[in-house]
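**Student:** Below is one structure. I have some questions about it.
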Amino acid sequence: TYAFYGCTKAIIGFESDALPTILGSSWYSSEAAYYLNVKQFAILGDALYVIFNDDTAVFAKYYGSATEYQILETAEGISVTAIGSNSFRNNTTIESVTIPDTVTQINAYAFYGCSALKSITIPKNITAIGKSAFYNCTNVEEIAFNAISMDDLAYENYVFYNNGKNTEGISVTIG
């Protein structure tokens, strides 16, 4: 019943709009990811992008070791509209990531545990940030929050929990 147990780096795509019922509870892993309605995967540089049947794309995983990274606006000519769950999770080298204005959603645990992350800029078009998206990014010094319309950032979602824990403080700019 736990076919994918412990597959912490698995990223699996399905062409269908639902998980096959035969898989049952096979997704017992906090870091494995699956995507539905997948048209194709695209490896561009040090990153994996998932392109969907509705002609949108998600930044799915960063595999590099650079200190700075810029997420692409398009993957294979398709607009990148989201940062996937666990896409930078526990990365120990990334200090800053540039998120393009095409992105409207940052999914759960996207930057979870990025211990070297120093600067976060939330673009104006972001409308949703998932649970624990920036949880335990302990060296964050600066957050530029430019989102105009945002879903729930309630305390229990732990979006920025433990940010700046290892610094002298955090500078937060809104707008």
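**Student:** Using alpha-carbon pairs under 8 Å, 6+ residues apart, how would you state the relative contact order of the range 32-175 in percent?
**Tutor:** 16 percent.
**Student:** I'd like the carbon and sulfur percentage of the solvent accessible area for the range 33-175, probe radius 1.4 Å, heavy atoms only, ligands and nucleic acids excluded.
**Tutor:** Numbers: 3040 of 6770 Å².
Exposed carbon and sulfur together represent 45 percent of the surface.
**Student:** May I pose another question? With label points built 7 Å along Cα→Cβ from the Cα atoms of Thr167 and Thr98, find their separation and express it in nm.
**Tutor:** 2.0 nm
**Student:** For Lys39, which lysines qualify as cross-link partners when the Cα separation must be under 25 Å and same-chain residues fewer than eight apart are set aside?
**Tutor:** Cα-Cα hits under 25 Å: Lys9, Lys61.
**Student:** Using 0.36 nm per residue of separation minus the Cα-Cα distance, give me the extension gain between Thr127 and Tyr63 in nm, one decimal.
**Tutor:** 20.4 nm
**Student:** Something else about it: Rounded, prolate or oblate, given the Cα gyration tensor of the range 38-175, with a/c below 1.5 counting as rounded?
**Tutor:** prolate
**Student:** Starting from the amide H of Glu141, placed 1.01 Å from N in the peptide plane, find each other amide H under 5 Å away whose residue is 5 or more places distant or on another chain.
**Tutor:** Those lying under 5 Å, H to H, from Glu141 are Ser119.
The values are calculated or read from the model by the stated rules, or taken from the named source; none is laboratory data. This one's a predicted model, so the numbers in the text were calculated from it and none came from an experiment. A quick note on method: Cβ atoms are made from the backbone with ideal geometry, for glycine too, and the neighbour counts reach across all protein chains shown. Calculation scope for accessible area: heavy atoms of the full protein, side chains included, ligands and nucleic acids excluded. Shrake-Rupley method; radii C 1.70, N 1.55, O 1.52, S 1.80 Å.
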